[in-house]
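Trainee: Below: one structure in structure tokens.
Throughout, read-outs are computed from the coordinates displayed, never taken from laboratory work. Values in this document were obtained by computation on a predicted structure and should not be read as measured data. Note: ideal-geometry Cβ built from the backbone for every residue, glycine included; neighbour counts use all protein chains shown.
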Amino acid sequence: MAETTPKLDELVQIDYRPPETPWMDTPVEFRRGTFCYSAAAKNLEYLGFPNPRDWQPSDEDWKLPENWREIILKAMEDRLKKFRSFRLFMDICVRCGACADKCHFYIGSGDPKNMPVLRAELIRSVYRRYFTRAGKMFGRLAGARDLTIDVLKEWFYYFYQCTECRRCSVFCPYGIDQAEITMIGRELLNEVGVNINWAVEPAANCFRTGNHLGVQPHGFKDSIDFAVDELEEITGVRVEVPIMKKGAEVLFIMPSADYFASPHYYTLLGYFLLFHHIGLDFTVSAYASEGGNFGLFISHEMMKRLNDKMYREAKRLGVKWILGGECGHMWRVVHQYMDTMNGPADFLEVPKSPITGTVFDHARSTKMVHICEFTADLIRHGKLKLDPSRNDHWNVTFHDSCNPSRAMGLLEEPRYILKTVCNHFHEMPENTIREQTFCCGSGAGLGTDENLEMRLRGGFPRANAVKYVHEKHGVNVLSCICAIDKATLPPLLEYFVPGVEVAGIHEFVGNALVMEGERERDTDLRGTPLVKAAQAEGDKEEPAHA
Amino acid sequence: MPIFEVNGRKYEVDEDGFLQDPSIWNEDVAKDFAKSEGIDELTDEHWKVIHYLRNYYLQYGIAPMIRKLCKETGFKLNKIYELFPSGPAKGACKLAGLPKPTGCV
């Protein structure tokens, strides 16, 4: 934890009283720990983005182009014409306040500009001033204000204190999608070179090498080979993971963190065991080596550029359809944007499970199936040999990742899998799961260290729900299906609920899978002794890898 | 561009204190950066991790998987945290002159 991170007792003293000055007269204060660093010039240059330079949000002078206001207003005008959703969301809010206390950042910070209604008002006020008659004539009386440097800084601060999680829109009677407003806000800022490095560098890496981390093909192969070797040590079974095999039936695309970070890596092992278990004809690719799409956090255009490579590679390899791993934001892009951006992918076939014959009709256009749908279908048809007692040392709860749950409605499949492969499962309170799930607090490019205080504040409601099931039911692991979750929930839980681990669903699947020709397993995939082995040796349950 | 000044030497670093130009790394860099990571003295165990990371980076242009780092050095993850309090990506990589890994990590 950084030196500036407040102690737990301090952080939870949240002051919900609004400032005394009216919101339009309360400029933003860039306090360390609550904002992200600017994007490095080299990354903007690589992507051909405007205004690459050396600057930081805490600087007085942001080194904007002289005509920055004209650029933004022109860009806004373009988008009002192009995106009906944006125009609609600028016009229809009635300020009922249903969204106000639904945002995790508002709950954790008490800052009224984190109420979704007010976050949207930051940009609506400018819309009124330049694009509506009432706003042009009556100015502030009509809720309109000039676009000034202070307004621009406020946009940056609050559009990068929104994780585009869309919990607020579940409660909005008009269905206003705050994520779309934030996305346009970020897109406008991008036009004048105002963006954050934690979003732009992964996008630049992905554009160059095919993944956010910048792993090159020989590094990709090295990591996959390592995982195959280690799986053989753990299970005694040698699995095959073909890389860029032309003519394979399925292209499998996972988030790059799965073959880099922990605990993501144990999910990777689970995928490979599953594919071997069912004899799937699949391939992975060093080019389509990223499911995630940090373009979503920058602009529609960047999202489109990154999404394209997955389909281009599927076409090149001649696969029938694409299977996607435990990735969060990828599914928002695939499920809600891909079809009109780069689709329809009519060079692929409608996905059909070669094992069960199930046709995934809902993916008829995108040709991409979520691994939880795929695995749940295998279980439903009795195709997996499972020993759930191998997960008996885990007492599991499930965090619905924002995008698989709210953007594609993947609510039942993960639970169905977990309840089949684990004997101990408990839900968190109902207003914190499924479509009402609370964000990890670090999505949409905000999962970086300099922003840790804000991440902890944003993750507070989620951590609070975990604490509840930890104390009530003895839950010791939070499962999830998003790589950002797997990276950012561990420090969140270490801060609020020590003693609860984080894991992917396919790690538990991998633990439970009884493989043909396997040796007797005495640990799970992360090296924790199994309950019977631990009892036999009187051992403590300390993971061998911890 | 921030400058990190130590033992009479100046380094261009990013906002997180990572070396801007990984190619100028040598063992003095690791020694110079150690204090900023809360490490008083670099032991053989530190060097084992640093050299492994450095060699992997020269070959692959990126840090290795965390699990691979643990296995190849023989140190469990909590031991790596003992050696480098900010962890393998932020602490050990910084001393080995690697860029900070980005993305869902």
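Trainee: Step through the table entries A:LYS486/B:LYS90; A:LYS42/A:LYS63; A:LYS467/A:LYS532; A:LYS42/B:LYS100, compare each Cα-Cα distance with 26 Å, and write down the pairs that go over it. Spell out each step's value before the answer.
Mentor: Numbers: A:LYS486/B:LYS90 17 Å; A:LYS42/A:LYS63 16 Å; A:LYS467/A:LYS532 28 Å; A:LYS42/B:LYS100 15 Å.
Over 26 Å apart, Cα to Cα: A:LYS467/A:LYS532.
Trainee: From the residues B:HIS51, B:ILE24, B:GLY74, which one has its Cα farthest along the dipole of the protein assembly as shown in the positive direction, the dipole being from +1 and -1 charges on Cβ of Lys/Arg and Asp/Glu about the Cα centre?
Mentor: Comparing the listed Cα positions along the dipole, B:ILE24 ranks first.
Trainee: While we're on this one: Using only the alpha carbons, work out the radius of gyration and Dmax of the protein assembly as shown in angstrom.
Mentor: Cα only, the protein assembly as shown: 24.4, 81 Å (Rg, Dmax).
Trainee: With equal scatterers on the alpha carbons only and no solvent term, can you work out the Debye log10 of I(q)/I(0) for the stretch A:407-467 at 0.12, 0.15, 0.18, 0.25 1/Å?
Mentor: -0.39, -0.58, -0.78, -1.06
Trainee: Sort A:LEU306, B:LEU58 so the one with the fewest other Cβ atoms within 10 Å of its own Cβ comes first. Walk me through the numbers before you get to the answer.
Mentor: Values: A:LEU306 23, B:LEU58 12.
Result, fewest neighbours first: B:LEU58, A:LEU306.
Trainee: Something else now. With 10 angstrom as the radius, rank A:HIS218, A:HIS104, A:HIS424 by how many other C-beta atoms surround their C-beta, starting from the fewest.
Mentor: Working: A:HIS218 12, A:HIS104 24, A:HIS424 19.
The order, fewest Cβ neighbours first, is A:HIS218, A:HIS424, A:HIS104.
Trainee: Now for a different question. Under a Cβ-only charge scheme (Lys and Arg +1, Asp and Glu -1), can you give me the dipole magnitude of chain A about the Cα centre, in debye to the nearest 20? Numbers along the way, then the final one.
Mentor: On the way: 64 positive and 75 negative charges, 448 e Å.
Here the size comes out at about 2140 debye.
Trainee: Further, regarding this structure: Residues of the stretch A:405-422 with the amide nitrogen closer than 20 Å to a label point 7 Å from the Cα of A:VAL359, along Cα-to-Cβ, please.
Mentor: none
Trainee: Return an integer: the convex hull volume of the alpha-carbon atoms of the stretch B:3-95, in Å³ per residue. The partial results should precede the final answer.
Mentor: Details: hull volume 8.3 nm³, N = 93.
Cα-based convex hull of the stretch B:3-95, divided per residue, equals 89 Å³.
Trainee: Still on this structure: Could you tell me what fraction of 2.2 N^0.38 Å the Cα radius of gyration of the stretch A:204-537 comes to, as a two-decimal ratio?
Mentor: Values: Rg = 18.8 Å, N = 334, 2.2 N^0.38 = 20.0 Å.
Rounded to two decimals, the normalised Rg is 0.94.
Trainee: Helix A:264-278: angle to the longest alpha-carbon principal axis of chain A, degrees 0 to 90, nearest 10?
Mentor: 50 degrees
Trainee: Just to confirm the number: angle between the C-alpha axis of helix A:197-209 and the first principal axis of chain A, 0 to 90 degrees, nearest 10?
Mentor: 50 degrees
Trainee: Take every DSSP beta bridge with both residues inside the protein assembly as shown and express the antiparallel ones as a percent of the total, to the nearest 5. Before the final figure, lay out each step's value.
Mentor: Details: 9 of 27 bridges.
Antiparallel bridges make up about 35 percent of those DSSP assigns within the protein assembly as shown.
Trainee: So how tilted is helix A:68-82 from the main axis of chain A? Cα-based, degrees 0 to 90, rounded to 10.
Mentor: Value to nearest ten degrees: 60.
Trainee: Specify whether the C-alpha gyration tensor of the stretch A:14-148 places it in the rounded, prolate or oblate class, a ≥ b ≥ c being the square roots of the eigenvalues: rounded for a/c under 1.5, otherwise prolate if a/b is larger than b/c and oblate if not.
Mentor: Working: a/c = 1.70, a/b = 1.14, b/c = 1.49.
Cα axes put the stretch A:14-148 in the oblate bin.
Trainee: Using the 10 angstrom Cβ neighbour count as an exposure proxy, how do A:ASP387, A:ASP111, A:ASP59 rank, fewest first? It would help to have the intermediate numbers written out before the result.
Mentor: Numbers: A:ASP387 14, A:ASP111 25, A:ASP59 11.
Ascending number of Cβ neighbours within 10 Å: A:ASP59, A:ASP387, A:ASP111.
Trainee: Further question on the same structure: From the residues A:GLN56, A:PHE260, A:THR26, which one has its Cα farthest along the dipole of chain A in the positive direction, the dipole being from +1 and -1 charges on Cβ of Lys/Arg and Asp/Glu about the Cα centre?
Mentor: A:THR26
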